[in-house]
Ligand code: UDP
Ligand code: MG
């Protein structure tokens with residue numbers, strides 16, 4: 001019996017066209033804004049005239065976002081959806097997208113249209129013209145943000161720049177373009193609770209900036225309540241600086257000095273026959289010292305917590321599904337430990 005020659009699988013013989021640009025978009029409960037988002041992003045990317053992919057990372061949305069993304073995919077082949085099993089947070093969602101993006105350039109962009117997609121071609125142009133690896137989108141107009149957000153943002157960038165040195169670009173959020181080399185370097189970091197807006201400048205790749213006007217959220221509500229803003233600030237501080245640990249030492253020294261002065265005063269008063277009356281001063285000192293001790297303990301706890309999560313080595317996110325793996329022609333040969341398996345990134 002002669003063997004029937006198997007039909008050659010042409011889809012596998014043709015080398016996949018790798019995108020020049022990947023756009024990573026974290027998406028969490030964005031059903032209101034996603035159709036608008038696709039409507040605005042697609043023409044901009046189609047007009048580039050270069051192969052691209054949009055990697056929407058669905059960060060465990062519980063609304064209709066996954067359904068809308070699947071619907072968009074039917075008419076937009078460049079749209080790829082990576083679904084995370086559970087909500088992992090903005091930074092982890094971007095990290096998941098960076099780990100899976102295939103482009104020679106990778107941009108990160110929020111889904112709520114606060115970062116205008118029309119700026120992307122300018123970023124790519126700037127990266128190529130100035131031969132740099134990173135182009136930051138810098139908000140040169142934040143008038144659409146609330147006064148509270150503007151104030152806290154200004155404080156955040158000021159403190160970070162002071163602690164980390166001059167290389168934190170002001171008002172650069174997570175709207176940026178990175179070269180493949182930069183993305184590989186970010187992906188290789190073993191760090192948990194990554195704050196990308198600090199991690200990327202710290203890598204020291206040559207950079208440029210493109211200014212843009214931060215627009216109002218096109219629809220839906222912010223997913224960054226105060227508690228998440230505080231979390232981001234604490235992660236930024238403890239992830240990049242041990243200054244708060246030293247603060248405890250300075251508080252301790254200051255406390256010792258004040259105690260010494262009190263003691264000297266008490267001795268002088270005793271010798272001169274005046275007994276110090278009242279308990280108020282004692283109560284204040286006790287309460288003050290207690291508060292400082294708790295504060296220092298809390299700060300220490302933050303670092304111990306970081307060490308603990310790092311040691312556990314649990315992934316920062318779990319990928320449930322990547323539409324690319326289900327695409328005709330099969331998945332890309334997955335880099336070891338990536339496809340469907342957790343990645344140690346956040
Ligand atoms: N986001 C996410 N996971 C979260 C919270 C937010 O992927 O747990 C996404 C969200 O869908 C949006 C982006 O991160 O695309 C920025 O969030 P948001 O616009 O709510 O933050 P803000 O601009 O208000 O700081
Ligand atoms: Mg937003």
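The values are calculated or read from the model by the stated rules, or taken from the named source; none is laboratory data. Given the structure is predicted, the values throughout are model-derived calculations rather than measurements. Cβ placement follows ideal geometry from the backbone for every residue including glycine, while neighbour counts extend to all protein chains displayed.
Determine which member of the set 251, 240 is surrounded by 14 or more Cβ atoms within 10 Å (Cβ to Cβ), more than 14 Å from ligand 1 (Cβ to nearest atom) and under 30 Å from residue 25 (Cβ atoms). It would help to see each step written out before you state the result.
Numbers: 251 fails: under 30 Å from residue 25 (Cβ atoms).
Being surrounded by 14 or more Cβ atoms within 10 Å (Cβ to Cβ), more than 14 Å from ligand 1 (Cβ to nearest atom) and under 30 Å from residue 25 (Cβ atoms) holds for just one of 251, 240, which is 240.
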Flag for residue 176 being out of contact with any helix residue (DSSP H, G or I) (no Cβ under 8 Å at 6 or more places or on another chain), crowded, with 17+ Cβ neighbours inside 10 Å, under 29 Å from residue 145 (Cα atoms) and touching a residue at least 12 places away in the same chain (Cβ under 8 Å): no
Considering every residue within the stretch 311-322, establish whether at least one is farther than 15 Å from residue 187 by Cβ and at pLDDT below 75. no
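Could you tell me which of the residues 80, 42, 62, 100 is more than 18 Å from residue 121 (Cα to Cα) and surrounded by fewer than 22 Cβ atoms within 10 Å (Cβ to Cβ)? Even if it seems obvious, please write down each step before you answer.
Details: 80 fails: surrounded by fewer than 22 Cβ atoms within 10 Å (Cβ to Cβ); 42 fails: more than 18 Å from residue 121 (Cα to Cα); 100 fails: surrounded by fewer than 22 Cβ atoms within 10 Å (Cβ to Cβ).
The unique qualifying residue is 62.
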Residue count, the stretch 120-152, condition assigned to a helix (DSSP H, G or I) and either at pLDDT below 95 or surrounded by fewer than 21 Cβ atoms within 10 Å (Cβ to Cβ) (or both), comes to 13
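For the stretch 71-100, enumerate the residues that are part of a helix (DSSP H, G or I) and either at positive phi or without any contact (Cβ under 8 Å) to a residue 24 or more places away in the chain (or both).
Initial filter on the stretch 71-100 (part of a helix (DSSP H, G or I)): 71-75, 90-100.
Hits for the stretch 71-100 are 71, 74, 75.
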Of the criteria (1) within 16 Å of ligand 1 (Cβ to nearest atom); (2) surrounded by 12 or more Cβ atoms within 10 Å (Cβ to Cβ); (3) over 15 Å from the mean Cα position of the chain (by Cα), which one residue 266 fails: (1)
Within the set of pairs 6+ apart or on separate chains, which have a first residue in the stretch 217-236 that is closer than 26 Å to residue 307 by Cα, a second that is at pLDDT below 85 and in a loop (DSSP other than H, G, I, E, B), and C-beta atoms under 6 Å apart? 235/193
The number of residues in the stretch 204-215 that are under 15 Å from residue 179 (Cβ atoms) and out of contact with any strand residue (DSSP E or B) (no Cβ under 8 Å at 6 or more places or on another chain) is 1
Can you work out which of the residues in the stretch 200-231 that are crowded, with 18+ Cβ neighbours inside 10 Å and in a helix (DSSP H, G or I) is farthest from ligand 1 (Cβ to nearest atom)? 201
For the condition surrounded by fewer than 18 Cβ atoms within 10 Å (Cβ to Cβ) and more than 16 Å from ligand 2 (Cβ to nearest atom), what is the one hit in 169, 190? 190
Residues (exposed (fewer than 11 other Cβ atoms within 10 Å of the Cβ) and assigned to a loop (DSSP other than H, G, I, E, B)) located in the stretch 282-331: 313, 326, 328
